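Q: Sharing a structure here in structure tokens format.
Read-outs: derived from the displayed coordinates by stated rules, not from any lab. Owing to the predicted nature of the structure, the values given are computational and were not obtained by experimental measurement. Don't worry about glycine lacking a Cβ; one is built from the backbone with ideal geometry, like all the others, and counts go over all protein chains shown.
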Amino acid sequence: MGVLIKKSMLDKMGEVIAMLPSSDIKETIDKTIKSKADKFAIIEALFQKICAKKYSDETMSFFLNGWKMTHLKMLPIYGVSCRLNILGMECSDEKKKLSYLESSAFNAQTSHEDLGIGFDAISHGRLYDEFAFSLTKSDEWKLSKYDIQKANNFSQWVYRGMLLKSIPYALCINMISEFYNHAEYAYAYETFKYSMSSFYGIEGKALEDAIRYIDVHNEYETEIHHFMAVIHAIEKYEEASGEKVDTSTMAEVIVTYVDSITEALEAIAQKFD
Ligand SMILES: [Fe+2]
Ligand SMILES: [Fe+2]
């Protein structure tokens, strides 16, 4: 038995879905997410396992390397905004041009916190480094010998999907990623707070500093704001292009995202056996 977490990942996702006005998008997310309940149970069990005791620096390094690959995605976000900028700059219809550029701006909002805008220019990449250093007291986890192939594959799928697939597909990846992260970070925050204080001897202010990377995504509901920003980016893209982001694409992206991130996290967790 691990630490008791009051809200499951599905509970956290349900809270976000409840904020949306009735729409095809809301219905699609709700239905597709519920069909993946078994995967979220697997992911929760993995975080419980990773946080159940103190592991060696070597084992923890596989987690730190792999988890980073499945989460930090500032570059592909920038890529989608650039693609929308190009569409806007090349568009001769003034109204549509503005909508493309607004879609780009809403999408770019999902990287403001990650860059450290409003947070003394302290990026989430740096916060992640500090979180990792507190657990292993080194930066060794960054070495390729700790790569988890399935986590790298997931990262590549995100990058290539957001740069090369259709704009609706790219925006759907960003959307589900923010939505998923909201639930995962909330869960991971509880499990890591428990393990870092119980097994790694990190407490008080040191714990606050060490866990800040997870906490900034949790306490300020950062990922909910990002999710809403992508919803606005989708609306503006629909206005500009005159095409509806079709719900079968959205469902396909959600299923692929959840299945692949589960596989990546399972591969990481195997190192903890
Ligand atoms: Fe972030
Ligand atoms: Fe985000």
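Q: For a quick check: sort Leu163, Leu265 by the number of other beta carbons within 10 angstrom, fewest at the front.
A: Taking fewest neighbouring Cβ atoms as first place, the list is Leu163, Leu265.
Q: Continuing with the same structure: Can you list which of the DSSP-assigned H helices in the chain have a Cα extent of 30 Å or more along the long axis and an average Kyte-Doolittle score of at least -0.5?
A: Taking the DSSP H segments of the chain (at least 30 Å long, mean hydropathy at least -0.5), we get 167-198, 247-270.
Q: Among the listed pairs Lys36/Lys193; Lys31/Lys95; Lys73/Lys137; Lys49/Lys165, which have their C-alpha atoms separated by more than 32 angstrom in this model?
A: Lys31/Lys95; Lys49/Lys165
Q: Can you figure out the FRET efficiency of Lys53 with Asn152, using R₀ = 25 Å and their beta-carbon distance, to the nearest 0.05?
A: 0.40
Q: Rounded to the nearest angstrom and ordered from largest down, what semi-axes does the equivalent ellipsoid of the chain get from its C-alpha gyration tensor (root of 5λ)?
A: The three semi-axes for the chain are 33, 20, 17 Å.
Q: Rounded to the nearest 0.05, what FRET efficiency is calculated for Glu130 and Ile42 with R0 set to 25 Å and r the Cβ-Cβ distance?
A: That gives a FRET efficiency of 0.30.
Q: FRET efficiency for Ser22 and Leu143, Cβ-Cβ distance as r, R0 = 45 Å, nearest 0.05?
A: Approximately 0.35, to the nearest 0.05.
Q: What is the spin-label model distance, in nm, from Arg160 to Lys6 if the labels are put 7 Å beyond Cα along the C-beta direction?
A: It works out to 4.3 nm between the two label points.
Q: Tell me the mean residue ellipticity at 222 nm calculated for the chain from its helices only (DSSP H runs of n ≥ 4, each -39500 (n - 2.57), averaged over every residue, nearest 500).
A: Estimated from H runs of four or more residues: -24000 deg cm²/dmol.
Q: Could you tell me which of Val245, Ile261, Met196 has its Cα farthest along the dipole of segment 184-272 towards the positive end, charges placed at Cβ (Lys, Arg +1; Asp, Glu -1), taken about the Cα centre?
A: Met196
Q: What residue among Phe63, Phe133, Phe154 has the largest mean-square fluctuation in a Gaussian network model of the chain, using Cα springs under 10 Å?
A: Maximum fluctuation in the GNM of the chain, among the listed residues, is at Phe133.
Q: Now, a different point. Given Cβ point charges of +1 (Lys, Arg) and -1 (Asp, Glu) and nothing else, what value in debye, to the nearest 20, does the dipole of the chain about its Cα centre take?
A: Charge dipole of the chain: 480 debye, to the nearest 20.
Q: Here's another thing I want to ask about it. What does the charge count near Lys96 come to, summing +1 for each Lys or Arg and -1 for each Asp or Glu among other residues with Cβ under 13 Å from its Cβ?
A: -4
Q: Quick check: Cα centre of segment 194-222 to Cα centre of segment 96-124, how many Å?
A: Cα centres, segment 194-222 to segment 96-124: 26 Å.
Q: Give the separation of the Cα centroids, segment 1-46 to segment 138-166, in Å.
A: Spelled out, the Cα-based centre of one part sits 24 Å from the other.
Q: A further question follows. DSSP loop trypsin sites (Lys or Arg not before Pro) in segment 115-220 with at most 16 other Cβ atoms within 10 Å of their Cβ, which ones?
A: In loop regions of segment 115-220 (DSSP not H, G, I, E or B), the sparsely surrounded trypsin sites (Lys or Arg not before Pro) are Lys137, Lys165.
Q: Mark the label point 7 Å from the Cα of Glu266 along Cα→Cβ and return the residues of segment 21-37 whose backbone N is within less than 19 Å of it.
A: Within reach of a label on Glu266, which here means backbone N under 19 Å from a point 7 Å along Cα→Cβ, segment 21-37 contributes 33-37.
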